[in-house]
Amino acid sequence: MGEHAIKVLGLAGEYRSTSKSGMLVNAALRIAQANGADVVFWDLAEKPLPLVGEEGCWAHPNVKEFQTLLVECDAFFLSSPEYHGTMSGVMKNTLDWMYDKHVGGKVFGLMSTLGGVTNANTLNHMRITLRWLHGWPVPEQLAVGHVKEAFDEEGNLVDESLQVRLGNLVESVLSATTKLSA
Ligand SMILES: Cc1cc2nc3c(=O)[nH]c(=O)nc-3n(C[C@H](O)[C@H](O)[C@H](O)COP(=O)(O)O)c2cc1C
């Protein structure tokens, strides 16, 4: 990585930056940016990724652009809504477009949003998938339950303890990225 700023890509398992997962990823990216990182958010509403396996998917221009960006980035924030006890199909499909050659040895920060009570299912399932990609998710993680009420109008977390956990997660991703590139 050398002298350049850490480049972080934010990915949500939903289609808009205004989805709760999009808001959570962008809250993490703002903290990373304030700490000197270059940040990018991939908005699937603007650049959808085809379903892996569908007609024409392998040559889709968005896939090529996405995989080029993966290679350019040093670290990743992922936030998925919990759907039926696991990550959304959108998040799984996004992960299915990643391979070891794009993200192997790189650091991940994991988050999830839930309509109901906080649990770690989705976080654990994303962690398992990352093992197959040789990604390095940091131990810190954040699940935000009862997510409908979780954000204020500026898109910040209302609960201060969650905001502290988010800051710790971002700090861990940035410091692990620096250590791994030393
Ligand atoms: C198909 C579906 C399944 C869901 N399953 C769960 C669930 O298992 N547990 C839960 O707490 N919330 C569940 N929810 C609520 C979502 O987790 C919640 O709406 C989401 O986290 C909001 O974030 P988003 O705006 O990024 O989608 C489900 C929602 C949908 C649409």
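The values are calculated or read from the model by the stated rules, or taken from the named source; none is laboratory data. For clarity, every value in this text was computed on a predicted model and none was experimentally measured. Counting neighbours? That spans all protein chains shown, and the Cβs are built from the backbone with ideal geometry, glycine included.
Things to note:
- Set ARG30, ARG16: member being under 20 Å from LEU157 (Cβ atoms), within 16 Å of the ligand (Cβ to nearest atom) and surrounded by fewer than 21 Cβ atoms within 10 Å (Cβ to Cβ): ARG16
- When ASN62, ASN93, ASN26 are checked against the criterion of being in contact (Cβ under 8 Å) with a residue 60 or more places away in the chain and not aliphatic (A, V, I, L, M), a single residue qualifies: ASN26.
- Among the candidates GLU72, GLU82, residue that is over 17 Å from ILE128 (Cα atoms) and at pLDDT 95 or above: GLU72
- Members of the stretch 5-16 that are in contact with a strand residue (DSSP E or B) (Cβ under 8 Å, 6 or more places away or on another chain) and either more than 23 Å from THR86 (Cβ to Cβ) or aromatic (Phe, Trp, Tyr) (or both): ALA5, ILE6, LYS7, VAL8
- Residue list for the stretch 101-132, filter: of a type in the set (Val, Ile, Thr) and either touching a Ser or Thr at 6+ places or on another chain (Cβ under 6 Å) or away from the ligand (no atom under 16 Å from the Cβ) (or both): VAL103, VAL107, THR113, THR122, ILE128, THR129
- Selection count where residues are away from the ligand (no atom under 16 Å from the Cβ) and assigned to a loop (DSSP other than H, G, I, E, B), scope the stretch 1-13: 6
- In the stretch 33-51 there is no residue matching the filter, namely being among the basic types (Lys, Arg), within 16 Å of the ligand (Cβ to nearest atom) and either over 19 Å from ALA75 (Cβ atoms) or modelled with pLDDT of 95 or more (or both).
- Residue match in the stretch 93-100 (condition: in contact with a Lys or Arg (Cβ under 8 Å, 6 or more places away or on another chain) and more than 15 Å from the ligand (Cβ to nearest atom)): no
- Residues in the stretch 33-68 that are small (Gly, Ala, Ser) and not in a helix (DSSP H, G or I) were compared, and the one that is surrounded by the most Cβ atoms within 10 Å (Cβ to Cβ) is ALA37.
- So GLY145, is it surrounded by fewer than 19 Cβ atoms within 10 Å (Cβ to Cβ) and touching a His at 6+ places or on another chain (Cβ under 7 Å): no
- Tally of residues being in contact (Cβ under 8 Å) with a residue 60 or more places away in the chain and surrounded by fewer than 19 Cβ atoms within 10 Å (Cβ to Cβ) across the stretch 152-164: 2
- Residues within the stretch 100-136 that are under 20 Å from GLU72 (Cβ atoms), touching a helix residue (DSSP H, G or I) at 6+ places or on another chain (Cβ under 7 Å) and without any contact (Cβ under 8 Å) to a residue 40 or more places away in the chain, tallied: 6
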